[in-house]
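Have a look at the structure below, then the notes.
The values are calculated or read from the model by the stated rules, or taken from the named source; none is laboratory data. On a predicted model such as this, the values are computed, not experimentally measured, just so you know. Cβ: placed from backbone, ideal geometry, glycine included. Neighbour counts: every protein chain shown.
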């Protein structure tokens with residue numbers, strides 16, 4: 001029996017890192033969608049943007065422009081990887097903006 005194992009956020013981060021190191025915009029976009037689904041439940045690239053800080057949103061714009069704008073030359077994934085790692089670390093430590101809800105009952 002073959003087990004369909006779902007990737008975890010560490011595997012998704014590794015895929016983003018690899019794509020960014022190789023400056024592979026298409027692979028980075030695909031890996032970001034996978035990471036966004038795992039971390040935030042976002043199944044589309046546009047949905048993922050709503051969960052991210054403005055600096056990371058700007059980098060996603062750069063990524064999209066490099067993929068879909070005519071005449072764009074090369075894409076550098078270094079800054080995107082740094083920002084994704086920071087966002088992931090914040091999410092893991094619970095320091096993200098607005099990540100936590102107030103408890104329903106205090107007691």
Checklist entry - For segment 14-44, which residues satisfy the criterion of being outside any helix (DSSP H, G or I), in contact (Cβ under 8 Å) with a residue 12 or more places away in the chain and buried (at least 17 other Cβ atoms within 10 Å of the Cβ)? => result none
Next on the checklist: Checking the condition modelled with pLDDT of 90 or more, farther than 21 Å from residue 90 by Cα and loosely packed, with under 15 Cβ neighbours inside 10 Å, which residue from 53, 61 passes?
Outcome noted: 61
Checklist entry - Are any of the residues in segment 88-107 closer than 18 Å to residue 11 by Cβ, in contact with a helix residue (DSSP H, G or I) (Cβ under 8 Å, 6 or more places away or on another chain), modelled with pLDDT under 90 and assigned to a helix (DSSP H, G or I)? => result yes
